[in-house]
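I have placed the structure first, in the form of structure tokens, so that the comments after it can refer back to it.
The values are calculated or read from the model by the stated rules, or taken from the named source; none is laboratory data. None of the values given here were measured: they were computed from a predicted structure. Cβ placement follows ideal geometry from the backbone for every residue including glycine, while neighbour counts extend to all protein chains displayed. Only protein heavy atoms, including side chains, enter the accessible area calculation; ligands, DNA and RNA are left aside. Shrake-Rupley method; radii C 1.70, N 1.55, O 1.52, S 1.80 Å.
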Amino acid sequence: MNKKPIIIGIESSCDETAVSIIKNRKVLSNIIIHQNIHRKYGGVVPELASRLHDKNIPIAVKKAIFLAKIKIKQLDAVSFTIGPGMIGSLLVGSSFAKSLSIGLNIPILTVNHIQAHILTHFIKNANINNSYPKFPFLCLVISGGHTQIIKVNDFFKMKVLGSTLDDSVGDTFDKVARILGFHYPGGPMIDTFSKNGNYKKFIFSKPLVNGLNFSFSGLKSNILQLIKNKLKKNPFFINENKSDLCASIQRTIAEILLEKVQKAILKTKICRIALAGGVSANHDIRKMFILFSKKNPKYEIFIPKKIYTTDNGAMIAITGLFKYEKKLFDSIDVHPFSKFEIF
Ligand code: KG4
Ligand code: ZN
């Protein structure tokens, strides 16, 4: 077996077409093509996403090979997202990966999207600490599709300790942002507007969920109700209070997440905590977790660099690399899955 294999990773589970090439845990290239078309529809339109992946994957692959300064024949394996995600989009990525594998006569490596978000931390210099977390650690996965606390024992041994019972935190950001008049995805817009806002201006109720599970549907209704009531008295309420609303909503979410992680620490006695997924790009959530570890130096917090928070091909390639090292190759007749499956 090649000592330092070169792995290509293809990510197409949602609305980013992402391709990356990795060697020796180092990113040689990392291409992300955003599908801005969904903005005007207020959310991802599956049919449009599949068509754009079909158009963009070959472009992204060519670019990734060029920027990595390699020849396509130097690739040792092709890894791709097998799920969870939108089935049409996953099928486009998997078909392309399978064709590449047959054409180059190299193995395929299927990758679970959530596991890949977590293993982002093992790409060289991918988190703000520039270090790899030691096992075991806790990972708070906060994305558009998922909100989970996972105990990570090893690259391939992970246990879900808690999940959302209803909406994901990313979906909550996006839906609330829509009420405030922002386009999709609204999370980054709330983040931007919150920077000039007062987070103490509005108080929202926090969910009472036992154990390590989450719930965001109550918070969403609470926000909607407050805005509806205020709009009855003042039709300009949203525009006059946008920044304060964003800051208050964001801080409530950050506190809910931090409180749950503190509970998980108490339960497991594990002091290393990693964040992963698109919502971990949020500046207030990052700030709150960093502050928490500054106040309690025995807790180590690992936060991905911004480029590795949202969907990217490097996280798929690094997971593929670990599978390659263990010779965990997959058969060409694998099928993508849309719903969360334990890895
Ligand atoms: O991990 P990701 O790219 O895709 C999924 O696997 O779902 O996460 C996308 C989610 C979206 O809901 C988006 O609004 C949210 O991440 N997001 C943010 C920020 N950047 C992305 N949410 C809050 N603040 C941000 N800065
Ligand atoms: Zn994701």
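Mind jotting down the distance between the C-alpha centroids of segment 10-83 and segment 199-242, whole Å?
Distance between centres, Cα-based: 36 Å.
DSSP loop trypsin sites (Lys or Arg not before Pro) in segment 184-288 with at most 15 other Cβ atoms within 10 Å of their Cβ, which ones?
Of the trypsin sites (Lys or Arg not before Pro), the ones in loops of segment 184-288 whose Cβ has at most 15 other Cβ atoms within 10 Å are K195, K200, K201, K269.
To two decimal places, what compactness ratio does segment 55-204 give when its Cα radius of gyration is scaled by 2.2 N^0.38 Å?
Ratio of Rg to 2.2 N^0.38 Å for segment 55-204: 1.29.
Per DSSP H run of at least 4 residues, take -39500 (n - 2.57); add these up for the chain, divide by its residues and hand me the 222 nm value, nearest 500 deg cm²/dmol.
-13500 deg cm²/dmol
Which FRET efficiency value, to the nearest 0.05, is calculated for E255 and F337 with the Förster distance at 30 angstrom and r the Cβ-Cβ distance?
My answer for the efficiency is 0.35.
Once you charge only the Cβ atoms, +1 for Lys and Arg and -1 for Asp and Glu, what is the size of the charge dipole of the chain about its Cα centre, to the nearest 20 debye?
1040 debye
If you take every DSSP beta bridge fully contained in segment 131-303, what fraction is antiparallel? Give it as a percent rounded to 5.
Of the beta bridges lying entirely in segment 131-303, close to 60 percent run antiparallel.
Is there a pair in K195/K306; K62/K124; K124/K295 whose C-alpha atoms are over 25 Å apart, and which pairs would that be?
From K195/K306; K62/K124; K124/K295, over 25 Å: K124/K295.
Could you derive backbone 3J(HN,Hα) for segment 153-170 from the dihedral phi with the Karplus parameters 6.51, -1.76 and 1.60 (θ = phi - 60°), listing whole Hz in sequence and x where the residue is Gly or Pro?
Karplus-based 3J(HN,Hα) across segment 153-170 equals 8, 6, 4, 10, 10, 10, 10, 6, 9, x, 9, 6, 8, 9, 7, 7, 5, x Hz.
Quick one: pull the percentage of alpha-carbon pairs in segment 1-69 with a separation above 18 Å.
For segment 1-69, the fraction of Cα-Cα distances above 18 Å is 42 percent.
Considering every pair of different Cα atoms, what Kirkwood radius, in Å, is found for the chain?
20.6 Å
What is the dipole size for segment 246-343, taken about its Cα centre, with +1 at each Lys and Arg Cβ and -1 at each Asp and Glu Cβ, in debye to the nearest 20?
Roughly 580 debye for segment 246-343.
For segment 131-303, just the Cα atoms, rotate onto the principal axes and tell me the three extents in Å, largest first.
53, 29, 26
Stretch K228-I87 to full length: gain in nm at 0.36 nm per residue minus the Cα-Cα span?
Going from the current span to full extension adds 47.2 nm.
When the accessible area of the chain is split by element with a 1.4 Å probe, what percent falls to carbon and sulfur?
55 percent
Note down the nm distance, to one decimal, between modelled labels 7 Å out along Cα→Cβ at K71 and at S99.
Each label point lies 7 Å from its Cα, and together they span 2.3 nm.
Any idea what angle helix 217-233 forms with the longest principal axis of the chain, computed on alpha-carbon atoms, 0 to 90 degrees, nearest 10?
Orientation of helix 217-233: about 50 degrees from the principal axis.
Identify the chymotrypsin sites (Phe, Trp or Tyr not before Pro) of segment 1-103 meeting these criteria: DSSP loop state and at most 10 other C-beta atoms within 10 Å of the C-beta.
For chymotrypsin sites (Phe, Trp or Tyr not before Pro) across segment 1-103 that sit outside H, G, I, E and B with at most 10 neighbouring Cβ atoms in 10 Å, the list is empty.
So which trypsin sites (Lys or Arg not before Pro) in segment 1-110 are both in a DSSP loop and have at most 14 other Cβ atoms within 10 Å of their Cβ?
K3, K69, K71
If you count only protein heavy atoms with a 1.4 Å probe, what accessible area per residue comes out for segment 94-217, rounded to a whole Å²?
For segment 94-217, the per-residue accessible area is 41 Å².
Please turn the phi angles of segment 306-320 into ³J(HN,Hα) values with the Karplus equation 6.51 cos²θ - 1.76 cosθ + 1.60 (θ = phi - 60°), one per residue in order, whole Hz, x for glycine and proline.
Whole-Hz 3J(HN,Hα) from phi for segment 306-320: 3, 4, 9, 7, 7, 4, 8, x, 5, 5, 6, 5, 5, 5, x.
Name the most mobile residue of D54, D15, D333, meaning the one with the largest mean-square fluctuation, in a Gaussian network model of the chain with Cα contacts below 10 Å.
Between D54, D15, D333, it is D333 that shows the largest mean-square fluctuation.
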